[in-house]
Amino acid sequence: MIDSVSVNEDAVISSLTKRLVGEQKMSLAGRKREMLSLRKRIKKLETAIASLYEAYVTGQANDDSFSASIHQYEAERLDCGNRLAVIEESEQGNDMMVGNIQRLTQLAKQHLDITEIDRTLLESFIERIEVCEAKVVDGVKEQEIIIYYKFIGCPL
């Protein structure tokens with residue numbers, strides 16, 4: 001990974017971002033459009049709720065229609081608000097991951113000229129190492145080792 005950083009930092013950041021943030025179910029532009037759409041819908045629902053209350057208070061809406069409509073509007077507003085919160089939380093998590101990837105590549109750039117690996121270097125890059133149970137496959141002992149890097153938290 002360190003050699004890659006010296007060659008093309010932007011490509012490394014892009015590659016790690018795609019790998020760690022993953023192929024999102026929805027593109028960034030799609031999420032932005034949905035967030036905008038949800039905010040507009042919430043505003044319309046709040047306006048409709050205010051109008052409904054006004055109609056109820058002035059006697060233009062009866063109890064039954066008011067109750068049915070208000071419950072429907074409130075439920076939809078709650079659904080839209082929850083969906084908006086999920087998308088915003090996802091955006092914050094992605095932004096944080098991209099920042100962590102950039103910190104990792106900066107750390108890698110600081111160690112471009114290493115000649116040997118020592119404990120300090122390992123501790124600066126590695127969060128933890130998991131050694132899985134050994135298995136014998138076709139007469140050969142195999143053991144999976146998972147390295148979790150700092151800042152990005154998951155194996156590469």
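Some points to look at:
- Only strands (runs of 3 or more DSSP E) whose full extent lies in segment 110-156 are considered here, and the ones with at least 2 residues that are surrounded by fewer than 10 Cβ atoms within 10 Å (Cβ to Cβ) and at pLDDT 90 or above are 140-142.
- Taken over segment 47-91, the residue count meeting the criterion of being under 26 Å from Ser37 (Cβ atoms), free of Cβ contacts under 8 Å to residues at least 24 places away in the same chain and aromatic (Phe, Trp, Tyr) is 1.
The values are calculated or read from the model by the stated rules, or taken from the named source; none is laboratory data. Just so you know, these numbers come straight off a predicted model, no measurement behind them. Here the Cβ is made from the backbone with ideal geometry for all residues, glycine too, and neighbour counts use every protein chain on show.
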